[in-house]
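The values are calculated or read from the model by the stated rules, or taken from the named source; none is laboratory data. Remember, it's a predicted structure, so these values are computed and weren't measured experimentally. No Cβ is skipped: glycine too gets one built from the backbone with ideal geometry, and neighbour counts run over all protein chains shown. Calculation scope for accessible area: heavy atoms of the full protein, side chains included, ligands and nucleic acids excluded. Shrake-Rupley method; radii C 1.70, N 1.55, O 1.52, S 1.80 Å.
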Amino acid sequence: QLVESGGGLVQAGGSLRLSCAATRRTFSNYAVGWFRQAPGKERVFVAGITRSGVTTNYADSAKGRFTISRDNDKNTVYLQMNSLKPEDTAVYYCTYRPLPIPTPRSDEYYYWGQGTQVTVSS
């Protein structure tokens, strides 16, 4: 089970830190991704991290502003979001797949959290 938290309402230019906590003890074996879904739009990839945490990748929209990280001792993955824009408004989901490397394809992930709402006002 995955539980996201940290969403909320923030003004443009502000920051939020999302957390994704897993109850599965083998979470550290899996790659993790963050996706987001805006109203009326498809769910899209935001960032991914390998199981070791050494390698990360980002969507172009997130590069330079967002940072994904993980603490395997706490079974938690984070998404630090800075310089937020109104177009970042969406429900943010974390997900993992039983492989070491993340992918930007949502259909290649098996487990999803319930999502956390991020709203950025202009």
Go through Gly113, Ile68, Pro100 and say which Cα lies farthest out towards the positive end of the charge dipole of segment 7-122; charges sit on Cβ, +1 for Lys and Arg, -1 for Asp and Glu. Pro100
If amide H atoms are built 1.01 Å from N in the plane of the peptide, which residues on other chains or at least 5 residues away come under 5 Å of the amide H of Thr55? Thr50
Can you compute 3J(HN,Hα) from phi for each residue in segment 68-76, using the Karplus curve 6.51 cos²θ - 1.76 cosθ + 1.60 with θ = phi - 60°, rounded to whole Hz and x for Gly and Pro? 9, 8, 8, 10, 5, 5, 9, 6, 9
Spin-label pair Asn82/Asn29, simplified geometry with 7 Å Cα→Cβ offset, distance in nm: 3.6
What are the chymotrypsin sites (Phe, Trp or Tyr not before Pro) within segment 43-122 that DSSP puts in a loop, where the Cβ has at most 16 other Cβ atoms within 10 Å? Tyr110
Dipole size in debye (nearest 20) for the chain around its Cα centre, Lys and Arg Cβ +1, Asp and Glu Cβ -1? 180
Can you list which of the trypsin sites (Lys or Arg not before Pro) found in segment 1-67 are DSSP loop residues with at most 16 other C-beta atoms within 10 Å? Arg24, Arg25, Lys41, Lys63, Arg65
Taking 7 Å along the Cα-to-C-beta vector as the label spot, tell me the Lys74-Lys41 distance in nanometres, rounded to one decimal. 2.9
If I compute solvent accessible area with a 1.4 Å probe over the protein chains, what percent of it on the chain is carbon and sulfur? 47
Excluding ligands, DNA and RNA, what is the solvent-accessible area per residue of the chain at a probe of 1.4 Å, expressed in Å²? 51
May I ask you to list the GluC sites (Glu not before Pro) in segment 1-94 that are in a DSSP loop and have at most 11 other Cβ atoms within 10 Å of their Cβ? Glu42
